[in-house]
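The block underneath contains the structure these notes are about, expressed in structure tokens.
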Amino acid sequence: MRHARAAEPELVQQETGLDVLRLASRSQSLSLLQSAAIHDFKGSLNTLSLSVRLLEHTVSAAEGPDADVQRRCVKSLREELSSLERFTGALLEENRGDDLVVRTFNLASVLDTAALLLGPTGVAQQVTIAVERPSEEMTVTGRASWIRHALLNLGGNALQAMPRGGTLRLQLRREDARAVISVIDTGPGIADEVRARMWDVNYSTRKGLGIGLPVVAHIVQAHGGTVAFEPSEPGACFAIRLPLAG
């Protein structure tokens, strides 16, 4: 009994130390997300707000074969704007930093929405955007708007790398018990010196890589997944791996 009592304070001290490390790590991650969101999400919000203002005055009266597509674009823009506003608000509310509305959602629909939102820029730059997915339904648990925003970050970077045309592929496939979302472009690729630092918060390039990638990494990690740069010729490929819902 004496040995058991003597070990208890040490055990409590070890557990307390681990708790402190977990809290410190969580606080650091939340601080990074909050500061990154202010910079990165405001740009997205401004772009979406401008697009909605420009379109909403004409889309309601639009006629012809493209009218339905235009209305769908406006609807998607409004939904994205609303989700980004909620996401940013949640990140900036420190007391709700652990709040994650958990639900199961279909990844194919997230890819479709991301492709639709990236579409106008793709058309303007003569970039073909293709969504490739299997026939089986692939679902994950978490927040669909966060994963969609991660795809918009990666897709936006890819489009910036192809100002004069190319192909952007949003590919979904199964890898054992994980879903793999690959964002593949046919741009000039990423230089070795950029690859070494592109996940750093304070590093940026003129091609748009910068604070968006750390945000992508934290979003994916919050869903129990990983994101990595993978070799692709030509161009670049970022692969997000997420655990499939049971």
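In table form, for the structure just shown:
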{"item": "Within the stretch 168-190, tally of residues that are closer than 19 Å to residue 156 by Cβ and either in contact (Cβ under 8 Å) with a residue 60 or more places away in the chain or of a type in the set (A, V, I, L, M) (or both)", "result": "7"}
{"item": "Long-range neighbours under 6 Å by Cβ, at least six apart or interchain, first residue over 25 Å from residue 148 (Cα atoms) within the stretch 62-78, second open to solvent by less than 100 Å² (accessible area, probe 1.4 Å) and at pLDDT below 80", "result": "62/70"}
{"item": "Identity of the residue in the stretch 190-214, modelled with pLDDT of 80 or more and under 23 Å from residue 127 (Cβ atoms), that ends up least open to solvent (accessible area, probe 1.4 Å)", "result": "213"}
{"item": "Members of the stretch 108-147 found to be of a type in the set (D, E, K, R) and in a strand (DSSP E or B), listed by number", "result": "132"}
{"item": "In the stretch 80-108, the residues that are at pLDDT 75 or above and within 16 Å of the chain's Cα centre (by Cα)", "result": "105, 106, 107, 108"}
{"item": "Hits in the stretch 148-169 - residues which are part of a strand (DSSP E or B) and buried (at least 24 other Cβ atoms within 10 Å of the Cβ)", "result": "168"}
{"item": "Candidates 196, 161, 191 - the one that is hydrophobic (A, V, I, L, M, F, W, C) and touching a strand residue (DSSP E or B) at 6+ places or on another chain (Cβ under 9 Å)", "result": "161"}
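The values are calculated or read from the model by the stated rules, or taken from the named source; none is laboratory data. Remember, predicted model here, so these are calculated numbers, not experimental data. Backbone-built Cβ (ideal geometry, glycine too); neighbour counts: all protein chains shown. Note: areas computed on protein heavy atoms with side chains; ligands, DNA, RNA excluded. Shrake-Rupley method; radii C 1.70, N 1.55, O 1.52, S 1.80 Å.
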